[in-house]
Amino acid sequence: MTDTIVKLRLNQQQLELMDRTIAQGVAADRIALVRLALREYAAAHKGDAAKGGAR
Amino acid sequence: MTSRQVISEFVMEPGTGKAIELLKGQILRIEQVEGGQCADFNCFNLHDYKEFMHCGRTRTVHGFHPTTGTFMWSAPPRERAMLYILEDTVGRNDVLFPRCSAYVYEAAYGFAVHTNCHDIQAEAQREYGLTPDDVHDSFNLFMCTGVDEDGHAFMTRQTTRKGDYVDLLALMDVLAVPNVCGADVMKTSNFALKPLKLTVFAATDADLASVPRTPTLASQRTPKDFKNPAIKSDRPLRRDPAYKPEFPNTPIVVTELPIALTPEELAMFKAVKRTDIYGDDDAAALRDLLFSWWEERFLQAHAGAPSIESK
């Protein structure tokens with residue numbers, strides 16, 4: 001199966017926050033940060049949809 | 001200093017208020033004389049009245065009922081802790097309701113004249129040259145309030161007793177202006193107006209040591225940082241023909257960041273993405289996920305409120 005491309009649209013302030021987070025050693029780069037966010041958020045919220053999606 | 005020294009005492013009679021110069025390191029005690037009385041409260045930087053207490057900022061940091069261990073903050077762009085609630089024997093204060101006003105009593109009750117917190121505040125502040133327009137949103141001590149299911153603020157009776165008090169420690173030199181709330185036809189003060197006692201103490205070393213440190217940040221700006229530091233001295237508003245907008249961080253520029261999601265990642269994304277808000281706009285849903293994750297992992301304060309822990 002092929003990958004699906006999602007084109008995030010981010011402004012300079014949002015990118016700055018990402019870059020400062022990366023500078024703390026949280027992830028290697030912007031793409032790695034998004035992947036980390038997706039994994040951690042999905043793990044933390046996988047039951048939310050069944051509970052009505054309030055989050 | 002190991003024991004508090006009384007600097008002054010004053011009793012506010014019903015229908016009145018009192019402006020008090022409260023210097024840094026002094027405590028203002030607002031105390032029930034009979035019980036059951038709401039106090040409205042304003043506070044200004046004694047050396048620059050344009051810095052004043054901001055209920056909006058205070059309630060985002062501390063909630064609707066600030067009590068012992070919380071601060072009263074000044075409005076943006078100053079955003080400094082002006083006062084610290086050192087002690088509160090009741091624990092039910094309010095930053096939801098505005099001050100009552102003459103309009104309320106005329107419109108709802110038909111009074112041509114009635115004691116009201118706005119006019120009482122204005123009269124007390126007049127001693128220091130302030131005008132009725134300078135009265136700001138009120139911190140309401142001993143006022144028992146909440147929010148009902150349809151989103152309206154409500155007030156109910158209070159259970160304070162004689163001797164109950166709130167101690168406010170000044171973290172800067174301020175003009176503190178409490179008043180006896182003028183509402184005797186509402187539940188605010190249990191349908192009667194009663195006096196309140198004011199005592200100013202010098203804080204002890206233990207009092208001062210109990211105050212948590214708050215941040216000192218570049219964003220806490222003062223007139224020396226303003227593009228226009230002059231206080232406007234007349235009433236009409238006129239356009240400045242030399243004005244050139246200098247909004248920070250503009251223009252806002254959007255950049256695309258392509259993310260290649262593996263089938264496994266796509267499945268994770270589909271399981272949690274907010275289609276109820278973003279429909280089939282996966283880019284917006286993934287951006288939401290990214291910053292929602294960031295808030296959950298890194299934000300120390302409630303969303304929209306500043307962190308007040310000093311690093």
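Brief remarks follow.
- Consider the stretch B:239-269 and keep the residues that are of a type in the set (S, T, N, Q) and part of a loop (DSSP other than H, G, I, E, B). The one that is surrounded by the most Cβ atoms within 10 Å (Cβ to Cβ) is B:Thr262.
- Selection status of B:Gly163, assigned to a loop (DSSP other than H, G, I, E, B) and surrounded by 15 or more Cβ atoms within 10 Å (Cβ to Cβ): no
- Taking the listed residues B:Phe291, B:Phe247, B:Phe226, B:Phe298, the one that is under 24 Å from B:Pro76 (Cα atoms), out of contact with any strand residue (DSSP E or B) (no Cβ under 6 Å at 6 or more places or on another chain), at the interface with chain A (Cβ under 10 Å from one of its Cβ atoms) and of a type in the set (Phe, Trp, Tyr) is B:Phe298, with no other qualifying.
- The single condition among (1) at pLDDT 95 or above; (2) more than 7 Å from every other protein chain (Cβ to nearest Cβ) that B:Leu261 does not satisfy is (2).
- With respect to the stated conditions, B:Thr145 fails to be part of a loop (DSSP other than H, G, I, E, B) and either of a type in the set (Ser, Thr, Tyr) or free of Cβ contacts under 8 Å to residues at least 40 places away in the same chain (or both).
- From B:Gly110, B:Gly25, B:Gly56, B:Gly63, residue being surrounded by fewer than 20 Cβ atoms within 10 Å (Cβ to Cβ), in contact (Cβ under 8 Å) with a residue 12 or more places away in the chain and on the phi > 0 side of the Ramachandran plot: B:Gly25
- Residue in the stretch B:237-248 that is touching a helix residue (DSSP H, G or I) at 6+ places or on another chain (Cβ under 6 Å) and either within 27 Å of B:Ala218 (Cβ to Cβ) or outside the structural domain of B:Asp134 (by TED's automatic domain parsing) (or both) present: no
One line per residue, one yes/no per condition, for (1) touching a residue at least 24 places away in the same chain (Cβ under 8 Å); (2) more than 14 Å from chain A (Cβ to nearest Cβ); (3) under 26 Å from B:Pro76 (Cβ atoms):
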position	(1), (2), (3)
B:Thr222	yes, yes, yes
B:Arg238	no, yes, yes
B:Glu256	no, no, no
B:Lys273	no, no, no
B:Gly304	yes, yes, yes
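- Within the stretch A:2-48, considering residues that are under 9 Å from the mean Cα position of the chain (by Cα) and farther than 17 Å from B:Glu295 by Cα, the one surrounded by the most Cβ atoms within 10 Å (Cβ to Cβ): A:Ile31
The values are calculated or read from the model by the stated rules, or taken from the named source; none is laboratory data. Only a predicted model underlies this, so the values are computations on that prediction, with no experimental measurement involved. All Cβ positions, glycine included, derive from the backbone under ideal geometry; neighbour counts span all protein chains shown.
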